[in-house]
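The values are calculated or read from the model by the stated rules, or taken from the named source; none is laboratory data. Keep in mind it's a predicted model, so treat the numbers as computed, not measured. Note: ideal-geometry Cβ built from the backbone for every residue, glycine included; neighbour counts use all protein chains shown. Accessible surface is based on the protein model in full, side chains and every heavy atom, while ligands, DNA and RNA are left aside. Shrake-Rupley method; radii C 1.70, N 1.55, O 1.52, S 1.80 Å.
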Amino acid sequence: MKVVTLLKVTPDTETKFQINSAGTDIAEDSSIEYIIGPYDEYGVEAAIQIKEKLGGEVISVTIGSGNEEKSIRKAMAMGVDSGILINNADLKSSDPLSIAKAIKEVVEPLNADIIICGKLATDTSDSFIGPALAALMNIPVISEISSLEVTEEGVVATRDAAGRKERFESKFPVILTADKGLNEPRYPKLPMIMKAKKKPLDKKDTAGTEIRKNVTQVKAEFPATKSAGKKITGTPDELVSELVTGLTTKEKIL
Amino acid sequence: MSDDQKILRESVRDFAASELAPNIPSLDVKQEFDKSTLTKFADQGLLGVSIPEKYGGSGMDYISTAIVSEELEYVDAALRVIISVHNGLNSMGLLQWASEEQKQKWLKPQAEGKRIATFGLTEPNAGSDVAALETHAKEDGDFYILNGSKMWISLADVADNFLVFAKTDMSKGSRGITAFHVEREMKGFSSGTIHDKLGVRSGNTGHMTFDNIEVPKENMIGELGEGFKIAMSCLDNGRFTVAAGALGCAKASRDAAVKYAHERKTFGKEIGQHQLVQRLLANMQQGIDTAELLIWKAGWMKNMGIRNTRETAMAKWVATNVASQSADDAIQIHGGMGIAGGPDGYPVERFWRNARAARIYEGSDQIQEIMQGQYAMGYRQDKPLRKELPKWVPS
Ligand SMILES: Cc1cc2nc3c(=O)[nH]c(=O)nc-3n(C[C@H](O)[C@H](O)[C@H](O)COP(=O)(O)OP(=O)(O)OC[C@H]3O[C@@H](n4cnc5c(N)ncnc54)[C@H](O)[C@@H]3O)c2cc1C
């Protein structure tokens, strides 16, 4: 079984951002800790579990801009066999479609049975790459999966939709996007951390595809801090009348 | 930090937070050592961090052992103590002093986590004054006959392997001490647990008795009469882990205090807005940054193969006092809640209890102060040893 895992490196979700001096984006300074995108990490774990069950290899693919190697090595310490890193800041900040096309260029020749990535990257939250790649490669996609069964024949995956569980089956090749609950990513063991240093990481500065940037991020700002709300107390009747009065006269919403 | 060190920190932090931290408060209340912790450590590879791969370890640099110690004591000192005695005092001691054959036989299974090891120096009548120890080993054919008892030994009741220091010449003070590798299975070995300690309550601390144990001659570590030097160089490594652990305790105290200072309001504002509360936090940070630099300096020296007795001792002295003071100030910031511990309370009183003993073991505050005074005066100098801790060779 050949599994490709798309691995985006994102700022730690606990990072306290600063906005850059131009006010256009977050400041990329040394206070940011970069980690494997949390949903991509479910994908990495799933890929390794597939290899452990059925044999084969796991290859990670990353589009990056210079902060990625540690996280790729971490994925290797978890069990990924080799990695491909396209280091290109212009590509990384280009339109999602350009990124998906670049990934297609890298992934297609690998002839993977399964391509797995997170349902979204926590920095851009586009939920775009997995389905877009499926469209570009013309292969099936099952998105936001929370359980997965893989056999030699194909995959069975479930998705937690509103109020129900959906179950899908597909043959290979297939793209899967991972949701929370799919698994508990493992912590790398120490000997594996050292072995990861020696695993092959193919670094390139381009995928050879066109880079287009039709949309430009022009501003980033912190959400306005909310003022403390008002707490109302009393009997249900009193609560209703006070709430309605507040919403009509004070907040002028009704 | 190198990439491996960063991955290591993330990995140990996540491991400790999800696999170990949830049980600590109740284990602490019950004074219970959870043996499955050792299996988990072994499985993660934590029992051979800086031991070279050919001896069963992971071959990471010495600073990595500090990172592991720090992350574990961020959760609880009892977890770090395992690293101090198994990795620091015992295994790194063997790495430095044992013969090639001995390393293959004893160090390898320790680093692989198959045998748990500790360090038996202290006795009922000999703590700071090591030369006063009374355990003795008498030569008899192919054996040394070991008699005596040890006190305050971490993991005494759970370890398999013991680096034991005994007098082979009662007339000779520190030069009459020899080190031996002793195993629990040896006839005449017994051990017990000490209860009702102030801190490290989810850790095992105990005593052991040697009753006419026949220790094979090939179990002697180093040469006859070299035990005191061996014990002191083991302490260079043990203290390093104690210092790094204390840094973790100080950081945990700070983080708990900052969190509470955001939550608690008095006089119409977060208590963190009061300058006197900020002062306590500023002092904690001063200590944390200072201790961290001292630890990294000592670790760097170990990596480079430079003798570091003085620097490691300084790091241990400073860091354990920073931890003690930080935990104390964290309690102060928590007000009454600061002394409410247990599974439903706050962790800072546990940090405070844990931090206290570290100012006694592996060289008390006073011993540290005496050492640094003697170094300053030039009365104390570190002469080259017959065997030094090997410098770190990246694989
Ligand atoms: C939780 C815990 C775990 C431990 N684990 C281990 C272990 O795994 N292995 C091991 O071998 N030991 C271990 N110890 C023992 C520890 O190292 C000793 O307790 C320590 O060395 C102090 O010895 P002591 O208790 O005999 O105190 P003493 O040496 O009797 O000292 C009593 C007091 O006198 C002071 N003092 C002593 N000499 C001087 C002097 N010359 N000048 C000024 N003041 C002085 C000391 O600083 C101290 O305040 C552990 C102890 C504890 C509490």
Pairs of lysine residues in region B:3-116 - Cα separation under 26 Å, sequence separation of 8 or more or cross-chain: 19
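For chain B, what's the relative contact order in percent, using C-alpha pairs closer than 8 Å and at least 6 residues apart?
The normalised contact order for chain B reaches 18 percent.
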For region B:200-282, what is one quarter of the convex hull surface built on the Cα atoms, given in nm²? 9.4 nm²
Interface size B-A, as summed buried accessible area [1.4 Å probe, Å², nearest 100]: 1800 Å²
Can I get the semi-axes of region A:1-154's equivalent ellipsoid? Compute them from the C-alpha gyration tensor as square roots of 5 times the eigenvalues, in angstrom, largest first. 27, 17, 14
If I model a spin label at B:GLU388 and A:LEU97 as a point 7 Å from the Cα along the Cα→Cβ vector, what separation in nanometres do I get? 6.4 nm
If you average over every viewing direction, what projected area does the convex hull of the Cα atoms of the protein assembly as shown give, in nm²? 36.5 nm²
Aspartates and glutamates with Cα under 12 Å of A:LYS230, excluding same-chain neighbours fewer than 8 positions away: A:GLU242, A:GLU251
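Quick one: how many lysine pairs does region B:228-377 have with C-alpha atoms less than 22 Å apart and a gap of 8 or more or different chains? Give me the count, please. Numbers along the way, then the final one.
Details: B:LYS229/B:LYS302; B:LYS229/B:LYS316; B:LYS251/B:LYS259; B:LYS251/B:LYS297; B:LYS251/B:LYS316; B:LYS259/B:LYS269; B:LYS297/B:LYS316; B:LYS302/B:LYS316.
Going through region B:228-377 pair by pair, I get 8.
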Take the alpha carbon atoms of chain B, find their radius of gyration, then divide it by 2.2 N^0.38 Å using N residues; give the quotient. 0.97
Please report, in cubic angstrom per residue, the volume enclosed by the convex hull of the alpha-carbon atoms of region B:113-211. 105 Å³
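Under a Cβ-Cβ cut-off of 12 Å, what is the net charge of the residues other than B:ALA358 that fall near it, where Lys and Arg count +1 and Asp and Glu count -1?
Details: positive: B:ARG80, B:ARG239, B:LYS316, B:ARG353, B:ARG356, B:ARG359; negative: B:GLU73, B:GLU362, B:ASP365.
Computed value for this residue: +3.
Stretched out fully, how many nm does the piece from A:LYS226 to A:ARG167 gain, at 0.36 nm a residue minus the Cα gap? Don't skip to the answer; put the middle values down first.
Numbers: separation 59, 0.36 × 59 = 21.24 nm, distance 4.10 nm.
Between A:LYS226 and A:ARG167, full extension yields 17.1 nm more.
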In 5 Å bins starting at zero, report the fraction of Cα pairs in region B:228-377 per bin as a rounded %. 2, 11, 18, 19, 16, 12, 9, 7, 4, 2, 1, 0
How tilted is helix A:69-78 with respect to the longest principal axis of chain A? Cα atoms for both, answer in degrees (0 to 90, nearest 10). 70 degrees
Estimated [θ] at 222 nm from DSSP helical runs (n ≥ 4, -39500 (n - 2.57)) normalised by residues in chain A, nearest 500: -8000 deg cm²/dmol
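Go ahead and run the numbers for FRET between B:ILE306 and B:ARG279, Cβ-Cβ distance against an R0 of 41 Å, rounding to 0.05.
Numbers: r = 37 Å, r/R0 = 0.91.
Calculated value: 0.65.
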Spatially close lysines, pair count over region B:118-226: Cα under 19 Å, gap of eight or more or interchain: 10
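Can you pull out the trypsin sites (Lys or Arg not before Pro) in region B:18-124 that DSSP calls coil and that have at most 11 other Cβ atoms within 10 Å? It would help to have the intermediate numbers written out before the result.
Working: sites: B:LYS30, B:LYS35, B:LYS40, B:LYS54, B:ARG80, B:LYS103, B:LYS105, B:LYS114, B:ARG115; in loops: B:LYS35, B:LYS114, B:ARG115.
For trypsin sites (Lys or Arg not before Pro) across region B:18-124 that sit outside H, G, I, E and B with at most 11 neighbouring Cβ atoms in 10 Å, the list reads B:LYS35.
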Using only the alpha carbons of region B:256-338, determine the length spanned along each of the three principal axes and report them from longest to shortest in whole angstroms. 55, 18, 16
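Please compare each pair in A:LYS198/B:LYS383; A:LYS119/A:LYS252; A:LYS195/B:LYS391; A:LYS70/A:LYS104 to a cut-off of 30 Å on the Cα-Cα distance and tell me which ones are over it. Don't skip to the end; give the middle numbers.
Working: A:LYS198/B:LYS383 39 Å; A:LYS119/A:LYS252 39 Å; A:LYS195/B:LYS391 20 Å; A:LYS70/A:LYS104 24 Å.
Where the Cα-Cα span goes over 30 Å, the pairs concerned are A:LYS198/B:LYS383; A:LYS119/A:LYS252.
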May I ask for the angle, rounded to the nearest 10°, between helix B:348-357 and the longest principal axis of chain B, with both axes built from Cα atoms and the value confined to 0 to 90°? 30 degrees
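Work out the FRET efficiency for A:THR151 and A:ASN111 from their Cβ-Cβ distance, taking R0 = 30 Å, and round it to the nearest 0.05. Intermediate results must be reported in sequence, preceding the final value.
Details: r = 19 Å, r/R0 = 0.64.
The calculated FRET efficiency here is 0.95.
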Angle check, please: helix B:227-263 long axis (alpha carbons) against the longest principal axis of chain B (alpha carbons), in degrees 0 to 90, nearest 10. 10 degrees
Helical mean residue ellipticity (222 nm; -39500 (n - 2.57) per DSSP H run of 4+; nearest 500) of chain B: -14500 deg cm²/dmol
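Using a 1.4 Å probe over the heavy atoms of the protein chains, calculate the carbon and sulfur portion of the accessible area of region A:3-116 as a whole percent. Walk me through the intermediate numbers first.
Numbers: 1880 of 4170 Å².
Carbon with sulfur: 45 percent of the solvent-accessible area.
Expressed as cubic angstrom per residue, what is the convex hull volume of the alpha carbon set of region B:3-116? Before the final figure, lay out the partial values.
Details: hull volume 9.7 nm³, N = 114.
So the per-residue hull volume is 85 Å³.
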A:ASP29 and B:MET377 label points (each 7 Å along its Cα→Cβ direction) are spaced in nm at 4.8 nm
